[in-house]
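The values are calculated or read from the model by the stated rules, or taken from the named source; none is laboratory data. All values reported here derive from a predicted model rather than from experimental measurement. Cβ coordinates were reconstructed from backbone atoms using ideal geometry, including for glycine residues, and neighbour counts include every protein chain displayed.
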Amino acid sequence: MSLNATIARVTDAIIDRSQGSRKRYLNQIAAAAADGPRRAHLTCGNQAHAYAAMGQDQDALATGRAPNIGIITAYNDMLSAHQPFETYPALIREAARRVGATAQVAGGVPAMCDGVTQGQTGMELSLFSRDVIALAAAVGLSHNTFDAALYLGVCDKIVPGLVMAAATFGHIPAVFIPAGPMPSGLPNDEKARVRQQFASGEVGRDKLMEAEMASYHSPGTCTFYGTANSNQMLMEFMGLHLPGSSFVNPGTPLRDALTVAGVERAAEITSLGNDFRPAGEVLDEKAFVNGIVGLMATGGSTNLILHLPAMAKAAGIQLELEDFDAISSVTPLLAKVYPNGLADVNHFHAAGGLAYLIGELLDDGLLHPDTQTVAGEGLALYTQEPKLLDGKLEWHDAPHETQNDKIVRPASDPFQKTGGLKQLIGNLGHGMMKVSAVAPERHVIEARARVFTDQEAVKAAFKAGAFTEDTVVVVRYQGPQSNGMPELHGLTPTLAVLQDRGLKVALVTDGRMSGASGKVPAAIHVTPEAAAGGPLARVRDGDLIRVDAVAGTITDLAPDFDTRTPVDDRAPGNGNGLGRELFETFRRSVGPSTAGAAVVV
């Protein structure tokens, strides 16, 4: 089928607006590629330092004739998704030797667990950690002795930061290596039910802890479809993973075989061979459009609306919110994975997963089929799934029929005819809403405002019984300039309880929600943010506010709204404690949410 007209139009618009920046970027990486890795140009002392610890690989490194693969790892024990990476370097080095290559850990990058910091002060460093990860990866790769790079990362800010680094070092190939999701534990809907029971005082902390530990129970990615798993989807749609590698569980023979295959492929696509695939050419405009289509078709994380523009900018490509909205308008929702449904990512993978969805979207003309990927030419390669047969890794065509139509559906019979995200514009600013999990009767909310400057104040008001009527909860001064834009995930159970009591409830904020934001309508990432003098700073308690995901508007209906003076009602001390003072420079220089809330690109 020919390419959908809207997808073609949006792609052309991105190419046109990015023409100058993309040309400069491609010229830059072409010059770096022509210069080549500097191993051959290092002094003897430089080389001795670089290879001193490499034992049996020293001779191969010193001659400079074998591909040398740099490993950037986000391993730590704090993230269950990253704990499996502990053993990967040894596996990678051995796999590289078998194909005549070498591999070195070029550097580690920080990786914080948002699950630990949700609702805590540390969450105010979370978004900025993405840019720190890009910087840390750049330090590792700046030794300039690598023909390709392997990026070991999974979770929320880690993959976007690594992609920013891979684009910046776009003159060398980049293969992303996942670790896979943990096996299914307590069903996500049951976990959510216990959270709401705790929020309303029906159960104690002992029952809450029991439910949480039964849900997050072993190494591997959390199984709900939040930002971490949206990242993994994105890497396949954009061609940076090997096909079908995203959702294979850790500690399995197939997982290890895919890691080995990633090493072998990285060695094959360097400039030393005949299939050179530099990351900067893989990360082109079509790849980013395909990634946005995947985000919409799967009901993925709202955090990717922030990350994709920042990732694209590192590759000289300019994305705008209008691109997301237009692509969403023609992309059907083909997956129902928690919080958009009851299934987790393991169930999704078993039902056909990404290979099935990519095939459906290609057949429906919604994806660019002719992209360059690390696996080879064309996205059709990603309609195959890996199998380990008699110890040999092979790729076979995935089933052309859904294995469970309650989880994945064909494009001809989607869960919704349009994607999961909606652009909102009005006198309150420019924001987005994830509508894939919001019931249609809640797409339009008109109610009086209650204004807060942090989520703890909302919870306190809830416990005090202050919400007795339909309400639009406004939480301002949560943008990147104010406090680093922490996720307001802690509001989800509270607002869900109010909604379940029969109230019409919506959230409007210049902050962000978790990738697990669900059934409560939430206008998020509102720009300009309050700290920049944005309209949210003029909202007062009692204002009538209309949040309309059908018309795509967010409006304060107070007659004097536009003439009011902004109010800064933040509590003192913002920006100090638990390392926040180290990030003052970031808060002063960060860009707006609409451009990815980026510092370093």
Check off (1) buried (at least 24 other Cβ atoms within 10 Å of the Cβ); (2) more than 30 Å from SER328 (Cα to Cα) for ILE554 and give me the number that stays unchecked.
(2)
Give all pairs with beta carbons closer than 6 Å in which a residue from region 539-550 that is in contact (Cβ under 8 Å) with a residue 24 or more places away in the chain meets a residue that is of a type in the set (Ser, Thr, Tyr); count only pairs at least 6 apart in sequence or on separate chains.
ARG546/THR555
Just give me the residues in region 490-503 being in contact with a helix residue (DSSP H, G or I) (Cβ under 8 Å, 6 or more places away or on another chain), farther than 15 Å from ALA461 by Cβ and part of a loop (DSSP other than H, G, I, E, B), in sequence order.
none
Residue pairs within 7 Å by beta carbon, gap of at least six or interchain, first lying in region 568-586 and at negative phi and acidic (Asp, Glu), second surrounded by 11 or more Cβ atoms within 10 Å (Cβ to Cβ) and part of a helix (DSSP H, G or I), listed first then second, are ASP568/ALA537
Kindly check whether there is at least one residue in region 226-247 that is surrounded by 24 or more Cβ atoms within 10 Å (Cβ to Cβ) and more than 27 Å from SER129 (Cβ to Cβ).
yes
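Restricting attention to region 425-440, report how many residues are closer than 16 Å to PRO592 by Cα and either assigned to a loop (DSSP other than H, G, I, E, B) or not assigned by TED's automatic domain parsing to the domain that holds ARG564 (or both). It would help to see each step written out before you state the result.
Filtering region 425-440 down to residues closer than 16 Å to PRO592 by Cα leaves 425, 428-432.
With either assigned to a loop (DSSP other than H, G, I, E, B) or not assigned by TED's automatic domain parsing to the domain that holds ARG564 (or both) added as a condition, the list becomes 428.
Number satisfying all stated conditions: 1.
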With (1) buried (at least 20 other Cβ atoms within 10 Å of the Cβ); (2) outside any strand (DSSP E or B); (3) of a type outside the set (Val, Ile, Thr) as the list, and ALA506 as the residue in question, which single condition is left unmet?
(2)
Screening VAL458, VAL451 for residues that are free of Cβ contacts under 8 Å to residues at least 60 places away in the same chain, farther than 24 Å from LEU295 by Cβ and of a type in the set (Val, Ile, Thr) leaves only VAL458
The condition from (1) touching a strand residue (DSSP E or B) at 6+ places or on another chain (Cβ under 6 Å); (2) part of a helix (DSSP H, G or I); (3) crowded, with 24+ Cβ neighbours inside 10 Å that LEU306 misses is numbered (1)
Exactly one of (1) surrounded by fewer than 21 Cβ atoms within 10 Å (Cβ to Cβ); (2) in contact with a Phe, Trp or Tyr (Cβ under 9 Å, 6 or more places away or on another chain); (3) assigned to a loop (DSSP other than H, G, I, E, B) is unmet by ALA375. Its number?
(1)
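Does region 96-118 hold any residues that are in a helix (DSSP H, G or I), surrounded by 23 or more Cβ atoms within 10 Å (Cβ to Cβ) and modelled with pLDDT of 95 or more, and which are they?
Just the residues of region 96-118 that are in a helix (DSSP H, G or I), to begin with: 96-98, 114-117.
This time we only want the ones that are surrounded by 23 or more Cβ atoms within 10 Å (Cβ to Cβ), so: 96, 114.
Residue satisfying the conditions is ALA96 alone.
Yes or no: region 400-413 includes at least one residue that is in a strand (DSSP E or B) and modelled with pLDDT under 95. Walk me through it before giving the result.
Here is the first cut: in region 400-413, the residues in a strand (DSSP E or B) are 408.
Keeping just the survivors that are modelled with pLDDT under 95 gives none.
No, there is no match, as no residue in region 400-413 is in a strand (DSSP E or B) and modelled with pLDDT under 95.
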